[in-house]
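Just so you know, all these numbers are worked out from the coordinates, no wet-lab data involved. These numbers come from a predicted model, not from an experiment. Here the Cβ is made from the backbone with ideal geometry for all residues, glycine too, and neighbour counts use every protein chain on show.
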Amino acid sequence: MVQEFDVLVLGGGYAGLLAALRLGKRLAGKPFRVGLVDRNPYHTLVTELHRVAAGTASPTAVRIPFAKILKDKPVSFVRAEVHALDLRERRVDTSAGALHYKILLVALGGEAETYGIPGVAEHALSATALAPARLFRYRLEHNLARYAYTQDDAFRTVVIGGAGFTGVELAGELAFRAPDFREAFDLPDTEGGLRIFVAEATDRALPPFPEELGRYAARRLAERGVRFLFGSPFREVREEGVLLGDGTFLPARTVAWCGGVRAPEVLRRAGFPIQNGRIPVGNDLRVPGFEDVFAVGDVAFFVDEDLGPLPPTAQTAIQMGPQAAENAAALLTGGSVQPLRAKNRGAVATLGPQDAVGCLYGRYRIYGRLAFWTKRAIEMRYLAILRREAGWYTP
Ligand SMILES: Cc1cc2nc3c(=O)[nH]c(=O)nc-3n(C[C@H](O)[C@H](O)[C@H](O)COP(=O)(O)OP(=O)(O)OC[C@H]3O[C@@H](n4cnc5c(N)ncnc54)[C@H](O)[C@@H]3O)c2cc1C
């Protein structure tokens, strides 16, 4: 069945959902049709997925049904997988049929950037969506159960590729759960039971942060048994373990890849320009050469005049989504588009429950419980923004 939309939003993550809600608000009562497409029937709180992967949060705690958020909103939700885009015909082919648009807002989020490292896609999991995060948890527990039969240390060894935000946060949650795992799976007392390695290509943790914060994170996690291998890029991942850059083979049956994100394959195939793995956008968030297409969130590569390239974070996505929506509404109603005025409020990385490290407004360094509760406040702020944009919804 062919469906037609004045504005079609692809992806209901941080950027796409806020964009759809803002479009619903701006175009309410006007003869325009807004559509939102997502493969899942729920909005995922991706920033919590390391907790699902480690088993410290349940999958139901990190998802909110679109049916609740969009109830009574002038936004049509289409649950479908996006298979292909025909930018000339202004058509999106999905598992629910062809969707036609006048204006397209692309917000499909990122997929793992594997840099072509052999075996990463086949044998490592990335917690970029709920399904792989849940699979990581079950793979880990399955492997720990197999340790009891084999006594092979590879089954109680986890290797995380990348000591950026996601890798460090995952290591922190796993280290916190290590005593539970030891008891539940009869792991030996040696080396804390669960063996956790973080292999990082550079010589430090949390590269976007000031060096001292990366050192703090590495020290705190090392105290909890996490072993950092700096200057150790993944060369290959095999079913039995990871081959590192210096030729060392690390036997491990559970491997996580946290090496960054890029625009998904479906967008690369569509013929968008690609820069640094993502779709370059102008300051009004439109893709150069495609006047009726906006790209927002992790898929977009945006260079701010003052801040430089914006990182692929939820913080960036929640600023881009509403601005792109305002601009799309302006195009439809004869208004003028405005540039994104990005703000850098800073970032906080958790190191397990009750500990974190962060840098706010590029200046203020925070550690420990203060940083942890600041992170919780950031998460609550997002839910408050969602509630405000949705008008009535109380998470
Ligand atoms: C474990 C983890 C922790 C993080 N912690 C932080 C943090 O503390 N702070 C921070 O600012 N950022 C953090 N990030 C980064 C942040 O989560 C992302 O930058 C953010 O999710 C990007 O938002 P988005 O809207 O672009 O994409 P997403 O939130 O990924 O949403 C994309 C949506 O598109 C849908 N979709 C994708 N492909 C298709 C398809 N083919 N068909 C249909 N639907 C599709 C997905 O189902 C999803 O709903 C973290 C990321 C991870 C993985």
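Extending each Cα 7 Å along its Cβ direction at Arg146 and Arg388, get the distance between those two points in nm, one decimal. Going from the Arg146 label point to the Arg388 one covers 4.9 nm.
Report the FRET efficiency, 1/(1 + (r/R0)^6), for Glu291 and Ala222, where r is their Cβ-Cβ distance and R0 is 56 Å, rounded to 0.05.
The computed FRET efficiency comes out at 0.60.
Within the straight-line cut-off of under 12 Å between alpha carbons, the aspartates and glutamates reachable from Lys343 are Asp304, Glu305, Asp306, sequence neighbours fewer than 8 places apart in one chain being disregarded. Full extension of the segment from Arg341 to Ile274, taken as 0.36 nm per residue of separation minus the current Cα-Cα distance, would add 21.8 nm.
Put simply, the convex hull of the Cα atoms in the chain casts, on average, a shadow of 19.3 nm². Within the same chain, aspartates and glutamates fewer than 8 places from Lys73 are excluded, and of the rest, those with a Cα less than 19 Å from its Cα are Glu4, Asp6, Asp38, Glu326, Glu389.
Measure nothing but the geometry: give the 0 to 90° angle between the long axis through the Cα atoms of 314-333 and the longest principal axis through the Cα atoms of the chain, rounded to 10°. For helix 314-333, the angle is close to 10 degrees. Computing FRET efficiency as 1/(1 + (r/R0)^6) for Asp153 and Tyr364, where r is the C-beta to C-beta distance and R0 is 25 Å, gives about 0.05.
Please give the calculated 222 nm ellipticity per residue for the chain, where each DSSP H segment of at least 4 residues contributes -39500 (n - 2.57) and the sum is spread over every residue; nearest 500 deg cm²/dmol? Per the formula, -10500 deg cm²/dmol. Take every pair of alpha-carbon atoms less than 8 Å apart whose residues are at least six positions apart; their mean separation over the length of region 345-395 yields a relative contact order of 26 percent.
Convex hull volume of the C-alpha atoms in region 314-395, normalised per residue: 94 Å³. With the simple spin-label model, which puts each label point 7 Å out from Cα in the Cβ direction, the Ser95 to Lys71 separation comes to 2.6 nm.
What longest range of the chain stays clear of loop-exposed trypsin sites (Lys or Arg not before Pro) (DSSP non-H/G/I/E/B, at most 13 other C-beta within 10 angstrom)?
89-340
Placing a label point 7 Å from the Cα of Asp86 along the Cα-to-Cβ direction, the residues of region 256-283 whose backbone N falls under 16 Å from that point are 270-271. Counting every C-alpha pair in region 120-257, the share spaced more than 23 angstrom apart comes to 29%.
Cross-link reach is defined here as a Cα-Cα straight distance under 25 Å, omitting same-chain residues fewer than 8 places apart; for Lys68 the lysines meeting it are Lys25, Lys30.
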